[in-house]
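One structure is given here, and the rest of the page talks about it.
The values are calculated or read from the model by the stated rules, or taken from the named source; none is laboratory data. Nothing here was measured: the structure is a model prediction, and the numbers come from that model. Please note: Cβ atoms are built from the backbone with ideal geometry, for glycine as well, and neighbour counts cover all protein chains shown.
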Amino acid sequence: MSNRLNVAPNDLSAFWMPFTANRQFKKAPRMLVGAQDMHYVAADGRKILDGTAGLWCVNAGHCRPKITEAIREQAGELDYAPAFQMGHPKVFELANRLVDLAPDHLNHVMFTNSGSESVETALKVALAYHRAKGNGSRFRLIGRERGYHGVNFGGISVGGIVSNRKMFGTLLTGVDHLPHTHLPAKNAYTRGEPEHGADLADELERIVTLHDASTIAAVIVEPVAGSTGVLIPPKGYLKRLREICDKHGILLIFDEVITGFGRLGTPFAADYFDVKPDIVTTAKGLTNGVIPMGAVFVTDEIHNAFMTGPEHLIEFFHGYTYSGNPMASAAALGTLDTYREEGLLTRGAELADYWADALHSLKDTRHVIDIRNIGLIGAIELEPAAGEPTKRAFSAFVKAFEKGCLIRTTGDIIALSPPLIIEKNQIDELIDTVRTVLGEVD
Ligand SMILES: Cc1ncc(COP(=O)(O)O)c(C=O)c1O
């Protein structure tokens, strides 16, 4: 790490950065050149406390030895194996380990390379499942306002963030949306699940009445909406969605790309909320963010619906060159070992109260209009600066980085989701930095 600390590229123009204000960044770049455990190292050598687990993915902390070693060994042993009509042992081992970890009713897993691909895979499985069962008229997909399901066409179609959708034409047809569940007038400053809003799930009944259940394949929601600014489901909301889906033969997909792998203090949000989705999408924490990989979990019922017809024929025409590739599989196995040995998938539950107290101590801080938390996720919503939405939160992000903390902002919301190895004194440092920064920004 040390010999690379001061390396600075001399031209930043070639790289068109994702989800970034490119021109602004390139005038005052924020470069990370190293990382260990809870910290990044900035290009000027400063240690930066990671308040966001990278992008909600580095759940075990940075450069963890089991993961690094697994990748190193794998690179010298089997670098790549064709994903179609061929196998390698680690991907089967990983699939078994994952279904053991997942809720009992999810017994099969497909691999992808990202959360976006997991979502596309899940939507396609849902459509194809109904068709395989003789219900090909079920072609509609229902998402939710403010939902984030990645950036591919299926994901932005069921997603509900306008900036991610408006530039891209007609998107998928046959998509409808539930209302979001953010009710600040009733639920502001709630610790954990809000009291009000479970009835918003009944909007699914309205959509069913409009389109008829026989046309609807699946509902997809994030159990906790993350990227839109941390919207925590009202008490009973997800259970109600499940009931309505059951009543009408609609599949329920949980997009657990953020909530999977311990973020709420349970392995999956399905465990936390005690709701059984038919399909679960994951990525991020699966490999601790180290190598791109996603996984889609399905029930026996869904899997077995495809296992018909002549055995020499491919059952499902879908997959990626890198599905379950050896390097990613090794990284995921090293990650699961680390989670297990350090009890990280339940550590969030141990820290949840301390985390909630720390976050809610910001209540009377300047600019703050709401605070939300669940597991090891927190959001601090700011009053937008007059006529300049997002600017205040972005200034807070830049100042926090200058003061040695990485936070994340979306709109005028600060979203925090530290690695699950965070210590209490580091929670204090993170929250104190946010407090200081909010005192300084206009
Ligand atoms: C719920 C959810 N789904 C899908 C995605 C997309 O994942 P990726 O960026 O790996 O494609 C994300 C990313 O933040 C996410 O939060």
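If residue 197 satisfies all but one of (1) within 16 Å of the ligand (Cβ to nearest atom); (2) at positive phi, what's the number of the condition it fails? Unmet condition: (1). The residue list 382, 438, 362, 376 contains one member that is under 22 Å from the mean Cα position of the chain (by Cα) and of a type outside the set (Asp, Glu), which is 376.
Restricting the search to helices (runs of 4 or more DSSP H) fully inside segment 283-386 and requiring at least 2 residues that are modelled with pLDDT of 95 or more and in contact with a Gly (Cβ under 7 Å, 6 or more places away or on another chain) gives 344-360. Can you confirm whether residue 436 is farther than 17 Å from residue 348 by Cβ, buried (at least 18 other Cβ atoms within 10 Å of the Cβ) and of a type in the set (S, T, N, Q)? Spelling it out, it is not the case that residue 436 is farther than 17 Å from residue 348 by Cβ, buried (at least 18 other Cβ atoms within 10 Å of the Cβ) and of a type in the set (S, T, N, Q). In segment 159-181, the residues that are in the same structural domain as residue 149 (by TED's automatic domain parsing) form Cβ pairs under 8 Å with partners that are among the polar types (S, T, N, Q) and assigned to a loop (DSSP other than H, G, I, E, B), at six or more places apart or across chains, as follows: 160/228; 161/227; 161/228; 180/228. Quick check: anything in segment 301-309 within 24 Å of residue 125 (Cβ to Cβ), surrounded by fewer than 20 Cβ atoms within 10 Å (Cβ to Cβ), in the same structural domain as residue 266 (by TED's automatic domain parsing) and polar (S, T, N, Q)? Yes, because at least one residue in segment 301-309 is within 24 Å of residue 125 (Cβ to Cβ), surrounded by fewer than 20 Cβ atoms within 10 Å (Cβ to Cβ), in the same structural domain as residue 266 (by TED's automatic domain parsing) and polar (S, T, N, Q).
Close contacts from segment 272-284, counting a first residue that is in the same structural domain as residue 226 (by TED's automatic domain parsing) and a second that is basic (Lys, Arg) and surrounded by fewer than 24 Cβ atoms within 10 Å (Cβ to Cβ), with Cβ to Cβ under 9 Å and a gap of 6+ residues or different chains, come to 273/239; 274/239; 275/239; 275/242; 276/242; 277/242. Within segment 214-237, the only residue that satisfies the criterion of being within 12 Å of the ligand (Cβ to nearest atom) and without any contact (Cβ under 8 Å) to a residue 60 or more places away in the chain is 223. The residue that is nearest to the ligand (Cβ to nearest atom), among those in segment 44-56 that are within 19 Å of residue 255 (Cβ to Cβ) and in contact with a Ser or Thr (Cβ under 8 Å, 6 or more places away or on another chain), is 56.
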